[in-house]
Amino acid sequence: MLKYIVKRILLAIPVLLGVSVIVFLIMRVFSADPAPVVLGQHATAEAMNQWREANGLNDPLIVQYFNFLAGALTGNLGESYYTHTPVTQELLSRFPATVELALVAIIIAAVIGVVLGVISATHKNSPIDGLATILALVGVSMPIFWLGVLLIIFFAGVLHVLPSSGRIDPLLQPVGGTGFYLLDTLLMGDFEAFSDAASHIILPALALSMYSMAVITRMTRSSMLETLSEDYVRTARAKGLKKRRVDIHHALRNAMLPITTVIGLQLGSLLGGAMLTETVFAWPGIGKYVVDSILKSDFPVVQGAVLLIGVIFIVINLVVDVIYAYLDPRITYTKEEG
Amino acid sequence: MAAATLSADADNARTPQTDPTTPGGPKNAPTSNAEKSESLWKDVWYSLRQNIPAMVSLFVILALVIVAIVTFVAPGVLPYDPYQQDLSASFQPPSAEHWFGTDQQGRDIFCRVLIGSQISITVGLLSVAISLVIGVTIGAIAGYKGGRIDTVIMRIMDMMLAIPSILLAIAFMAALGRGIDKAIIAIGFVSIPEYARIVRSQVLAVRQSDYVAAARVIGDSDAVIIFRHVLPNVTPSIIVRATLGISSAILDAAALGFLGLGVQPPAAEWGDMLGRGRNYIFAAPFAMIFPGLAITVTVLAFNLLGDGIRDAFDPKARKR
C-alpha cells in the first residue's frame with residue numbers, strides 16, 4: 001500500500017511539471033504583450049521597455065520558465081503587475097474563502113445527491129424516480145452562473161430573505177483566526193456573525209453544488225441498482241430482513257465505493273466552477289480574483305492561480321485514488337497496476 | 001454498445017477476405033457488408049425513434065439550427081433589428097410588443113436570443129469538430145502504436161486533464177484575447193484529451209482482435225488498418241461523446257461570454273447577454289432569465305439526444 005502511494009506521488013511530479021509548462025506557455029507565448037495594457041496605451045516605448053526589463057519579460061523564454069519554476073518551488077509566484085503584492089500572499093489570503101465555499105457545496109451535493117439517488121433506485125420507475133432523473137438532467141444542463149442569478153433574483157430580490165453577495169457583513173467580520181468564517185465565528189462563540197456568514201454562503205454553495213449533486217444522484221442511482229440486483233441482497237431479503245435495512249446496510253454500503261470516488265472527483269471540479277459562482281456572488285475567493293486579474297492582464301496572478309488550482313486538482317485525484325485502493329479490498333496494487 | 005461493436009466487428013473481420021487482391025473471396029460479400037452496416041444504423045434509428053425525450057430534443061435542435069440559418073441568411077424576418085440601439089426604450093419589461101423585453105440599449109431581447117443561436121450552434125459544432133479530429137487521431141495513434149509514443153501522448157493528455165477545462169479555456173482566452181474564433185479554438189483545444197482517451201482505450205481493445213491481425217498479414221499499412229478497420233468500431237462511442245461534447249462546448253462558451261471573454265459587442269451571444277445584464281439584476285431580471293433559458297434548453301436537448309443515442313447503440317437498453 002505504502003509503495004503504491006509513493007509510486008502515485010512520484011507519477012504526479014511529471015504531471016505537475018507539465019501543468020507548469022502548459023500554464024507558462026499559454027501566458028507567455030500565446031498572449032499579447034502585457035506592457036500596453038498595464039501602463040496604458042499612451043506610455044512611451046522606452047517606458048514599456050523599462051517595465052518589461054524590470055519584470056523579466058525581455059529574458060529568453062527558457063530563462064523565464066526556469067525563474068518561474070524556481071520561484072514556484074520556493075513558494076514565490078511573483079508579484080502582481082498592479083498592486084506589487086506577492087501573488088502567493090494574495091492567493092493564500094483568498095484560499096479559505098474558496099475552500100469553505102467548495103466544502104459546503106460538496107456537503108450539500110453529497111447529502112442530497114446520495115439520498116435522492118438511493119430513493120430513486122429503491123423506487124425505480126416511480127414518480128419520485130422520474131423527478132430525480134429530471135432534476136439530475138437539468139442540473140447538468142443549467143449554467144452554474146444562470147442558476148446563481150435565478151437564486152439571487154428569487155431569494156434576494158423577491159423574498160428578501162438572503163443576501164445576494166459578499167461573504168459576511170463587514171462589521172461582523174472575524175479578525176485573525178483561520179480565515180474560514182464559519183469555523184472562526186463558531187470558535188469565538190459569536191453566533192450573530194456565524195448566522196450572518198451562514199446566510200451569505202447558502203446561495204453560492206447551492207448554485208455551486210447543483211452540477212455535482214446531479215452527477216452524484218445519477219451515480220448513486222446506477223450504483224445502487226447494480227448492488228440491489230446482487231445475490232447477497234436477495235439472500236438478505238429472503239432471510240426476512242427489513243427492506244430499509246437491506247437497502248442501507250447491504251446495498252448502499254457496497255454501492256458507496258464508486259459514489260465516494262465521484263464525490264472526491266467532484267470536489268476537484270468544484271474549484272473550476274468556483275470561478276463562475278464567485279463572480280456571480282462577488283465571493284472574495286481565488287476564482288473571482290483570477291477572473292478580475294484576467295480582465296486586467298495581470299499575468300503573474302493568473303499564472304500562479306492556475307498553477308495552484310492545478311496542483312490542488314492533482315492532489316485531490318491522488319487522494320481519491322488512494323482512498324479507493326484502501327476501501328476496496330479486492331484491489332491489490334501490484335507492479336503492473338496503478 | 002456491444003451489438004454495434006459486434007456487428008461492425010463481423011463486417012471488418014470479413015474485409016480481408018473481400019479484398020480484391022485475395023483470390024477466392026466471396027463475390028457478394030461487399031453487398032452483404034453494406035447491408036449489415038446499413039441495418040445497424042437502421043436499428044439505431046428505429047430505437048432512437050421510440051425514445052420520446054430524444055426525439056423532442058432532436059426536434060428542438062433542428063428548430064434551433066433552422067432559426068440560426070434563417071436569421072443569418074435573411075435577418076429581415078426578425079420583427080426588430082437586434083443591433084439597433086434605442087436608449088429611450090431601454091429595459092422595457094416583456095410585453096406583446098417585446099416578448100422578452102428590451103436590454104439596456106433598448107434592443108429587443110427576443111430577437112437577440114434568436115440570433116444568439118447562430119453563435120452557440122457554431123461554437124458547439126466547430127469546437128467539437130476540432131477536438132474530435134485532433135483527439136481521435138492522436139488517441140488512435142497512441143492506442144495503436146503503444147509503447148513510448150503512447151506514454152508520451154497520454155502523459156500530455158493527463159497534464160491537460162489536470163487543469164479544470166473551463167479554467168484552461170479561460171487562460172487561453174486571457175492570452176489570445178476576445179473573439180468567437182478564439183473561443184472556438186480554446187474550447188476545442190481543452191476537450192481534446194477526452195476524445196483521445198476514449199479512442200485510445202477502444203483501439204487498445206480492438207488492436208488484439210483477429211481481423212486486425214489478418215489485415216496486417218495481408219499487408220495493410222498502419223494508416224489503412226487504423227482508419228478502415230479500427231476506427232469504424234469506435235464510431236458509436238465517438239458519436240455519443242461528440243453529441244454530449246456539443247452541450248458542454250455551448251456551456252463553456254456561455255461561461256466565457258458571461259465572464260466578458262467571449263464575443264465583441266454588439267454581437268449577440270447568450271452568455272454575454274447574461275453577463276451584461278448582471279448590473280441590473282433586480283431592475284431587469286428578464287434581461288438575464290431569457291438568455292439563460294435559451295442556454296439551458298439547448299444544452300438539455302443535446303444531453304438528452306446524446307443519452308438517447310447511447311441507449312440506441314446499447315442492445316441491453318434497446319430491449320428494455
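For this structure, a couple of remarks:
- For chain A, built as a Gaussian network whose Cα springs stay under 10 Å, the top-fluctuating residue of A:S141, A:S20, A:S93: A:S141
- The calculated FRET efficiency for A:V175 paired with A:T83, based on their beta-carbon distance and R0 = 35 Å, is about 0.95.
- Stokes-Einstein D in µm²/s, Kirkwood radius over Cα pairs - the protein assembly as shown at 25 °C with 0.890 mPa s viscosity: 90
- Rounded to the nearest 20 debye, dipole of region A:119-275 from Cβ charges on Lys, Arg, Asp, Glu: 1020
- Fluctuation leader among B:V224, B:V67, B:V113 - chain B, Gaussian network, Cα springs under 10 angstrom: B:V224
- Only the Cβ atoms of Lys and Arg (+1) and of Asp and Glu (-1) were treated as charged; on that basis the dipole of region B:221-320 about its Cα centre amounts to roughly 380 debye.
- Listed residue pairs exceeding 32 Å between alpha carbons, taken from A:K124/B:K42; A:K288/B:K145; A:K3/A:K288; B:K42/B:K145; A:K7/A:K288: A:K288/B:K145; A:K3/A:K288; B:K42/B:K145; A:K7/A:K288
- Alpha-carbon spread of chain A, three principal axes, descending order, Å: 85, 59, 39
- Region A:60-164: chymotrypsin sites (Phe, Trp or Tyr not before Pro) in DSSP coil with no more than 14 other Cβ atoms inside 10 Å: A:Y82
- Tail beyond 21 Å, pair distance distribution of region A:1-74 (Cα, percent): 45
- Centre-to-centre separation between the Cα atoms of region B:227-305 and those of region A:274-319: 21 Å.
- Average Cα contact separation per residue, chain B, under 8 Å, 6 or more apart, as relative contact order %: 26
- The spacing between region A:220-273 and region B:143-213, judged by their C-alpha centroids, is 32 Å.
- Overall, chain A carries a charge dipole of about 1700 debye about its Cα centre when +1 sits on the Cβ of Lys and Arg and -1 on the Cβ of Asp and Glu, all other atoms neutral.
- In the calculated pair-distance distribution of region A:243-302, the portion above 17 angstrom amounts to 59 percent of the Cα-Cα pairs.
- GNM top mover of B:R178, B:R148, B:R200 - chain B, alpha-carbon springs below 10 Å: B:R148
- Estimated translational D of region A:119-239 in µm²/s (Stokes, Kirkwood radius over Cα pairs; 25 °C; 0.890 mPa s): 141
- Shape call, chain B: gyration tensor on alpha carbons, a/c limit 1.5: prolate
- Alpha-carbon centroids, region A:62-97 and region A:10-59: separation in whole Å: 13
- One compactness figure for region B:176-320 is 1.44, namely its Cα radius of gyration divided by 2.2 N^0.38 Å.
- Other residues within the sphere of radius under 11 Å centred on the Cβ of A:A282, judged by their own Cβ, net out at +1 (K and R +1, D and E -1).
- Shown for B:I187, A:I309, A:I13, A:I128: other C-beta atoms within 10 Å of each C-beta, ranked fewest to most, produce the order A:I13, A:I128, A:I309, B:I187.
- Taking the longest Cα principal axis of chain A as reference, the axis of helix A:286-295 is set at about 40 degrees.
Values quoted throughout were computed directly from the atomic coordinates according to the rules given, and no laboratory measurement underlies them. Everything numeric in this text was worked out from a predicted model, so none of it was measured. Cβ coordinates were reconstructed from backbone atoms using ideal geometry, including for glycine residues, and neighbour counts include every protein chain displayed.
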